[in-house]
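A.B. asks: Can you read through this structure? Questions will come right after.
The values are calculated or read from the model by the stated rules, or taken from the named source; none is laboratory data. Please read all numbers here as calculations on a predicted model, not as lab measurements. Positions of Cβ are backbone-derived with ideal geometry, glycine not excepted, and every protein chain shown enters the neighbour counts. Heavy atoms of the whole protein, side chains included, go into the accessibility calculation; ligands, DNA and RNA do not. Shrake-Rupley method; radii C 1.70, N 1.55, O 1.52, S 1.80 Å.
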Amino acid sequence: GFKTAIVGRSGSGKTTIMDLILGLYKPDKGEIFIDDKNIKLFDINSFRKNIGYVPQEPQLFNASVMENILWAYPKASREDVYKACKLANASEFIDQLPNKYDTILGERGVLISGGQRQRLSLARSLIKNPKLLFLDEVTSSLDSLSEKLIHNSLNELSSEGLTIVFITHHASLLKHSDYIYFIDSGNVESEGRFEDLIKKNEKFQRLFE
């Protein structure tokens with residue numbers, strides 16, 4: 001139920017950490033534990049079914065809103081889709097589309113805004129009720145309103161017990177995270193809450209100047 005942030009300059013190793021937890025890479029040394037159990041002991045496909053992932057650039061298809069979300073979990077009902085979209089703060093703008101959930105979005109979702117695409121991508125990751133949610137720079141190119149809506153969604157999801165791990169450089173998200181790992185050149189340079197790191201770590205300070 002915690003919101004954990006990974007922050008650092010480009011190339012510092014943030015995405016690699018996420019890929020290691022997803023099992024896309026195997027560690028050269030050291031071990032990864034999920035709930036006190038070594039990740040090697042899990043069936044990786046079963047493990048990934050419990051994970052939701054939202055990339056920096058959402059991959060939407062030239063299909064309807066409903067089809068785009070059901071792509072992640074075809075067994076879901078329309079009611080499940082409505083619930084996921086509400087959690088992602090997407091239902092309001094969907095209701096204003098010409099055909100609502102049956103509106104065709106165009107190639108790569110070109111007919112809706114970047115913030116709307118990101119919220120649909122979040123809804124798609126929530127449709128299968130994941131236990132762990134990964135977000136990779138999802139607010140990097142959003143306007144302040146879209147960022148606020150996604151931020152509100154993350155707070156609500158966290159309060160309901162979902163564990164969230166995100167990569168971000170946005171101070172607004174970092175300030176409301178429960179814990180931050182500041183990565184530099186492949187190492188954990190510092191860790192803690194935002195107000196502590198901004199005081200004690202000069203590299204972290206310079207990242208936000």
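A.B. asks: Search segment 3-62 for residues being surrounded by fewer than 16 Cβ atoms within 10 Å (Cβ to Cβ) and among the small types (Gly, Ala, Ser), and hand back the single one that is farthest from the chain's Cα centre (by Cα).
C.D. replies: Here the residue is Gly30.
A.B. asks: Sticking with this one: Across segment 78-137, what is the total count of residues that are open to solvent by 80 Å² or more (accessible area, probe 1.4 Å), more than 30 Å from Ile6 (Cα to Cα) and modelled with pLDDT under 90?
C.D. replies: So the count comes out to 3.
A.B. asks: Sticking with this one: Could you tell me whether Leu122 is of a type in the set (A, V, I, L, M, F, W, C), assigned to a helix (DSSP H, G or I) and within 11 Å of the chain's Cα centre (by Cα)?
C.D. replies: yes
A.B. asks: Filter segment 31-64 down to the residues that are part of a loop (DSSP other than H, G, I, E, B) and more than 16 Å from Ser121 (Cα to Cα) and list them by number.
C.D. replies: Those that are part of a loop (DSSP other than H, G, I, E, B) and more than 16 Å from Ser121 (Cα to Cα): Glu31, Ile32, Asp35, Asp36, Phe42, Asp43, Lys49, Asn50.
A.B. asks: Name the strands (runs of 3 or more DSSP E) wholly within segment 145-209 that hold at least 1 residues that are more than 16 Å from Arg119 (Cβ to Cβ), touching a Leu at 6+ places or on another chain (Cβ under 7 Å) and of a type in the set (Val, Ile, Thr)?
C.D. replies: In segment 145-209, 163-167, 179-184 are the strands (runs of 3 or more DSSP E) which contain 1 or more residues that are more than 16 Å from Arg119 (Cβ to Cβ), touching a Leu at 6+ places or on another chain (Cβ under 7 Å) and of a type in the set (Val, Ile, Thr).
A.B. asks: Output the residue which, of all residues in segment 199-209 that are surrounded by fewer than 17 Cβ atoms within 10 Å (Cβ to Cβ) and of a type outside the set (Asp, Glu), is nearest to Gly13 (Cα to Cα). I'd like the intermediate steps shown before the answer.
C.D. replies: First, pick out the residues of segment 199-209 that are surrounded by fewer than 17 Cβ atoms within 10 Å (Cβ to Cβ): 199-200, 202-203, 205-206, 208-209.
Filter again for of a type outside the set (Asp, Glu), leaving 199-200, 203, 205-206, 208.
Working: Lys199: 23, Lys200: 22, Lys203: 16, Gln205: 19, Arg206: 18, Phe208: 19 Å.
It comes out as Lys203.
A.B. asks: Can you tell me how many residues in segment 142-154 are open to solvent by 10 Å² or more (accessible area, probe 1.4 Å) and in contact (Cβ under 8 Å) with a residue 60 or more places away in the chain?
C.D. replies: Adding up the residues that qualify gives 2.
A.B. asks: Are there any pairs, at least 6 apart or on different chains, whose C-beta atoms fall under 6 Å, with the first in segment 166-183 and over 15 Å from Lys199 (Cα atoms) and open to solvent by 10 Å² or more (accessible area, probe 1.4 Å) and the second part of a helix (DSSP H, G or I) and of a type outside the set (D, E, K, R), and if so, which?
C.D. replies: none
A.B. asks: Looking at Asp196 and the list (1) without any contact (Cβ under 8 Å) to a residue 24 or more places away in the chain; (2) in contact with a strand residue (DSSP E or B) (Cβ under 7 Å, 6 or more places away or on another chain), which single condition is not satisfied?
C.D. replies: Just one mismatch for Asp196, condition (2).
A.B. asks: Identify the single condition in (1) within 30 Å of Asp178 (Cβ to Cβ); (2) at pLDDT 85 or above that Trp71 does not satisfy, given that it satisfies every other one.
C.D. replies: Here Trp71 clears every test but (1).
A.B. asks: Considering only segment 150-197, how many residues are under 23 Å from Ala84 (Cα atoms) and of a type in the set (A, V, I, L, M)?
C.D. replies: 8
A.B. asks: Only one of (1) of a type in the set (Val, Ile, Thr); (2) surrounded by fewer than 17 Cβ atoms within 10 Å (Cβ to Cβ); (3) within 21 Å of Glu107 (Cα to Cα) is not met by Ile69, so which one is it?
C.D. replies: Just one mismatch for Ile69, condition (2).
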